[in-house]
Protein chains: 10
Amino acid sequence: MDRLEAGAAVEIARQKSGVSWPDLADLLCRSLVWTTSALLGQQPLTLEQAQLVGDKLGLDAEVVDALTLPPVRGARAVDTSEPVVYRLQEMVQVYGPALQRLIAEEFGDGIMSAIDFELEFERKQDPKGDRVVLTLNGKFLPYRVW
Amino acid sequence: MDRLEAGAAVEIARQKSGVSWPDLADLLCRSLVWTTSALLGQQPLTLEQAQLVGDKLGLDAEVVDALTLPPVRGARAVDTSEPVVYRLQEMVQVYGPALQRLIAEEFGDGIMSAIDFELEFERKQDPKGDRVVLTLNGKFLPYRVW
Amino acid sequence: MDRLEAGAAVEIARQKSGVSWPDLADLLCRSLVWTTSALLGQQPLTLEQAQLVGDKLGLDAEVVDALTLPPVRGARAVDTSEPVVYRLQEMVQVYGPALQRLIAEEFGDGIMSAIDFELEFERKQDPKGDRVVLTLNGKFLPYRVW
Amino acid sequence: MDRLEAGAAVEIARQKSGVSWPDLADLLCRSLVWTTSALLGQQPLTLEQAQLVGDKLGLDAEVVDALTLPPVRGARAVDTSEPVVYRLQEMVQVYGPALQRLIAEEFGDGIMSAIDFELEFERKQDPKGDRVVLTLNGKFLPYRVW
Amino acid sequence: MDRLEAGAAVEIARQKSGVSWPDLADLLCRSLVWTTSALLGQQPLTLEQAQLVGDKLGLDAEVVDALTLPPVRGARAVDTSEPVVYRLQEMVQVYGPALQRLIAEEFGDGIMSAIDFELEFERKQDPKGDRVVLTLNGKFLPYRVW
Amino acid sequence: MDRLEAGAAVEIARQKSGVSWPDLADLLCRSLVWTTSALLGQQPLTLEQAQLVGDKLGLDAEVVDALTLPPVRGARAVDTSEPVVYRLQEMVQVYGPALQRLIAEEFGDGIMSAIDFELEFERKQDPKGDRVVLTLNGKFLPYRVW
Amino acid sequence: MDRLEAGAAVEIARQKSGVSWPDLADLLCRSLVWTTSALLGQQPLTLEQAQLVGDKLGLDAEVVDALTLPPVRGARAVDTSEPVVYRLQEMVQVYGPALQRLIAEEFGDGIMSAIDFELEFERKQDPKGDRVVLTLNGKFLPYRVW
Amino acid sequence: MDRLEAGAAVEIARQKSGVSWPDLADLLCRSLVWTTSALLGQQPLTLEQAQLVGDKLGLDAEVVDALTLPPVRGARAVDTSEPVVYRLQEMVQVYGPALQRLIAEEFGDGIMSAIDFELEFERKQDPKGDRVVLTLNGKFLPYRVW
Amino acid sequence: MDRLEAGAAVEIARQKSGVSWPDLADLLCRSLVWTTSALLGQQPLTLEQAQLVGDKLGLDAEVVDALTLPPVRGARAVDTSEPVVYRLQEMVQVYGPALQRLIAEEFGDGIMSAIDFELEFERKQDPKGDRVVLTLNGKFLPYRVW
Amino acid sequence: MDRLEAGAAVEIARQKSGVSWPDLADLLCRSLVWTTSALLGQQPLTLEQAQLVGDKLGLDAEVVDALTLPPVRGARAVDTSEPVVYRLQEMVQVYGPALQRLIAEEFGDGIMSAIDFELEFERKQDPKGDRVVLTLNGKFLPYRVW
């Protein structure tokens, strides 16, 4: 059983047991996005964290072990043509050039880190239809000149 | 002269004249991200908007005309391997699965729109190094069942 | 057993039992296209819906469970080089530019939604050979300006 | 000047002159979708048709000549990542499997033609937001057995 | 067991039993190319046809059942870099432009159908080395103008 | 001017002058398919052949010179997604496996040559709609064993 | 067990038993390259040849049977990014244009066959480091003109 | 003018002047393959070498200058789908696995260099049709262990 | 069990037993990078080396055997979109052109070998955050002129 | 003139004038690799820096201006199949997995930065053939947990 299969097992157990992602975030004392990402396989988990989740969801020992394998963060972790993910992909395509220039003007030559990075997920009530609000927060890293 | 070439011409004129992206946003009474995206070629501009920018930056009539061409929003608008853009791409790859599940749990079967969508760019002061904060705000759209 | 395998199991059971797709649509009180798409794996099903279909077709409990997994809507759900699907693909290629301009002229800057979307399938009698008629009905979504 | 460049010239002249796509369809006594598709370069035009359009829009002789070149219907005619076109692409991805099975059940082994094919574009009023309605009408072609 | 695996099973049984492809074509009262294509998985077979072949070759019931699954005609059915198939691929590449123009001149705007299509395979004796002769026979389909 | 541009110039001159592809084949005393293929750029032409065609069509000296450049037979010579060419591509996909096995059974281990190869194009009258008949004739080449 | 798996089984048995590739070539009375290529899966083997090798290496009957399956010569037979193979790939890239012109000048319009083809592998002693010498010997095949 | 365009200019001048590739190899006192490869753009030339060739072929100063630019050895230097080059590509595909194993057995862990490498081109008379013989001679380089 | 699966087994056993990569390098008397690379599957191991590691980590005989299979060095050995590996990939992209010119100027026409190559991994203390230092050391190989 | 064309102009002027890359590094008081990378187009230059280089090499004002355009760091900046660059690419492929694990063991969950990054190029004398030594020095960045 690899890390992504462990993530699938978590999801099935979670749906059957009625435990929500926020419940699991509380259990691990981590944010909602980090916790979900970790349990699906994109962040590392300690044996203690895996055990806590395993007890809560009634997971097999094999799944708990697999949750402690190294995270899977390459392209095979996600199908970018899945409709929800594709809209994010399209956002990169449509707004990427503007963000690239704005960072250069405001901060200078460098990037917004995807490592020293936080991502918050919120629901915003709106009478015309509720909205998904994602806040991406990454450290600016200047290119080194030597 | 196509729309992307007009965007390049804006950028060169802007750098030479010392007009900032926020100056241009003020001129058009639009947000910073929308304005930058529009002038680079990813949003439509009216002839009045193009003329305002043309006067401010001293653009040739040919550039002003080209700014009113339809927007270019396909994959050729951006090189996703450019380092700044790639970090956003990696964010989609690493956090896409978590966001897909969180939207499904919180909102039900549907997507976060990339059309009824706003994107805010901010600099956040931080003693360990300032941070780039992007706020993505898209309407939730439920899949229709019929 | 994943969602696509459950779809394959439905199809085999359906062929053996002589139950048609319209029979299944009637059973679920949904349209023909939505029902077929859902049972093949591209729309979500509740446990009740899955159970109804399972009873009708005599499916194993494992298949019924798998029918309640999240839908699979990414590129791996379909082989676009399959001849029937390819003709739709070619339609997008040949008529895509015209549709893009017509939507822009008639509705303004925006898209036809693939989420708030219905698709109807009909057979139209014709003495020169019957015809397949597909009606695509999607909400216009204007690009947000902010 | 190739056929796609002639299509771009038509579009610019059309916008400047305020002639709509329906006006051009009336001029050629053809449907709206066929006319738009033809003038953008995906259908053949006779010299008479090209001349009619040229007179209406005040096109150069070079553009009129180029409009009579063979149509361009391959993949380079369209950028499938353009947001409007991509939603059609996603429709093929999400509903392709269902359509493939429904055609097989209703008509037998064969395809829906993309050649003996009509496409109608309509705006449908809706209080929750107007809708784009596309009607695809293609002859069923059975696979030959020999 | 899927349709392609059934095709592989037919081929092994055929080689062991010494039954030739023409023998099987005679059994099914179909042409040589259609029969071979159908048994490898690219054309549909009725249960009666599958049973006839199963009796002749001593196939397991599982293989006979799998032969009645829908045909597999997408890109995964063939490796176009296989040397025999590649020469056909190269023929399309080298002679495709000429055939496209010749069809346009002789028949008008349209295509040669790959659905209402027959393919004959023959060996032609030649003192300098025998030759493979393939006759492709497809209905001309004119593009619809509406 | 490269070889493909010379081919485009031939085609335009041919359409304007009303000279057909068979006329040009007669002029060069070659078959219809070879002649068309050569003038579009996929076969070599001698200076004498290029001059004959140049005189007939009134081509510039530059075009005549370019017609004697080496042939262009790689993938860039053709867009395999063009609808006429794609049907040939689909034929390779659907019938490639059958042809590969039939050649192996009838001739032994080897290929049908795409070099020692002829291709004939014919129109076949048919009351249900005329048909395109292509005859591919290639020498069998056995794999060498050493 | 498919043909490539049979090749892997041969290699493991060969390494354990200490039988070299030249030993196997002697056993089959074939050249070293042909024998290695055949046992890895790229050339056909008769049952007698497979049996001879099976006896020598102590292969299971299943492996011997699989060695008689049709050869696998498509792109999946080799990973061209493997460092040894890649150097050959780079040779094609760097010297391909020169070889294409030299064949055209010396032999006329045609190709060097990869079917009526032999390949010899030799070690050449050299005080500065021994060298690998590959001799590729293929029949020239002229393009047919008709 | 870049290096590949200079190569094209050499070839045209060479054909018009009747100077053969062996003549040019003699002029530069280099082998036939190296000389052809260098003049087409894949090897570096000194100004003296470029001048010698320029005098012989009557090249413009601009071409002579461009011949001294750095060599172009990446993938864009060659179209591997060109039929002559493709046969070499297919040789890599079909014989690559065997060569990889034979080098490992005979020399140990390492590669055949494509840099310390020579390639000889010869015509071999044969009553059944002359043959192209290519001799590839590359230094064996052992992987370093540290 | 193939070579990459053996590498995965080593890693799991190593984590459970608390044996570090430097411990294993000491055991094999090889450098840290070579040892890690070899145990993950990219370098060959003798039976003695595999046995030493197997004893230390308590590996099954099957894993020890699999560790002696040929190394896997092609593209499938690594996912270049994994974030750690991607930064190296980006370094090649951003600094590749400069390194190509600097090698040409300093050494002449040739390459830095990836075969006669060593790679050292070090941690460098730094008050602003420790640094990873990689030293790549490859023999210069001049292109042969002949 | 874009940034990459300016880089090509620098290189030609540099070769003609006999100015070396180290000379230019001294002129800009920057390291050799950074300077070369910047002048080829992968790092930003101030107008002062561009002017200094322009004076030294006698560049046109247009080139000097173009040197101040934003850097080009995406995939189009380099052809990874160029033989010198490819060896670095192969290094990533062969040693990427080992480096990924070693960083994780030594530093914890994170990456080696390609932004806060230095690269040193050196020639190391060696009696068996001089060596290229590249020292890559990047800050370790830990993944943020929140």
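The values are calculated or read from the model by the stated rules, or taken from the named source; none is laboratory data. A quick note: this is a predicted structure, and the numbers were derived from the prediction, not measured. FYI the Cβ positions are ideal-geometry reconstructions off the backbone, even for glycines, and counts take in every protein chain you see. To get the accessible areas, we keep the full protein, side chains included, count just its heavy atoms, and leave off ligands, DNA and RNA. Shrake-Rupley method; radii C 1.70, N 1.55, O 1.52, S 1.80 Å.
Here is how the numbers come out for the structure above:
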item	result
Cα long-axis angle, helix E:83-107 against chain E (0 to 90 degrees, to the nearest 10)	40 degrees
Spin-label proximity, residue B:146 to the stretch C:118-146 - amide N less than 11 Å from point 7 Å beyond Cα toward beta carbon	C:118-121, C:135-139
Chain C - mean residue ellipticity at 222 nm from DSSP helices (-39,500 (n - 2.57) per run, n ≥ 4, rounded to 500)	-16000 deg cm²/dmol
Principal-axis tilt of helix G:3-17 within chain G, Cα atoms, nearest 10 degrees	60 degrees
Per-residue mean of C-beta atoms belonging to partner chains within 10 Å, peptide D:36-44	5
For the stretch J:99-146 versus the stretch C:71-102, the gap between their alpha-carbon centres in whole angstrom	45 Å
Neighbouring partner chain Cβ atoms per residue of J:115-125, average, 10 Å criterion	6
Choice from C:66, C:98, C:25 with maximal GNM fluctuation in chain C (Cα, 10 Å cutoff)	C:98
Gaussian network model of chain B, springs between alpha carbon atoms under 10 Å - residue of B:83, B:127, B:71 with greatest fluctuation	B:127
Relative frequency of Cα-Cα separations exceeding 16 Å in the stretch C:83-142, percent	60 percent
C-alpha long axis of helix I:47-57 to longest principal axis of chain I, angle in °	60 degrees
Within the accessible area of the stretch E:1-64 (1.4 Å probe), percent carbon and sulfur	53 percent
Chain B, rotation onto H, residue closest to that axis via Cβ, with its distance in Å	B:76, 10
Cut-off 11 Å, label 7 Å out along Cα→Cβ of residue I:8, residues of the stretch A:7-23 by amide N	none
Cross-link table I:139/J:128; C:124/D:124; C:128/D:139; B:56/D:16; E:124/H:128; B:16/B:56, entries beyond 18 Å C-alpha to C-alpha	C:124/D:124; B:56/D:16; E:124/H:128
Per principal axis, descending, Cα span of the protein assembly as shown in whole Å	87, 84, 69
Chain A - percent relative contact order, Cα under 8 Å, separation 6 or more	20 percent
Buried solvent-accessible surface, both chains (B, A), 1.4 Å probe, Å² to nearest 100	6600 Å²
Accessible solvent surface per residue of the protein assembly as shown, calculated while the other protein chains remain in place, 1.4 angstrom probe, Å²	38 Å²
Modelled label reach - residue I:20, point 7 Å along Cα→Cβ, the stretch J:92-108 residues with backbone N closer than 18 Å	J:98-108
Filtered trypsin sites (Lys or Arg not before Pro), the stretch F:44-146: DSSP coil and at most 11 other beta carbons within 10 Å	F:128
Stokes-Einstein D in µm²/s, Kirkwood radius over Cα pairs - chain G at 25 °C with 0.890 mPa s viscosity	140 µm²/s
Chain C: most fluctuating residue of C:100, C:51, C:43 per GNM, C-alpha cutoff 10 Å	C:100
Whole-angstrom gap from the stretch F:4-30 to the stretch C:1-31, using each part's C-alpha centre	56 Å
Three-way shape call for the stretch E:1-77 based on the alpha-carbon gyration tensor, with the a/c threshold at 1.5	rounded
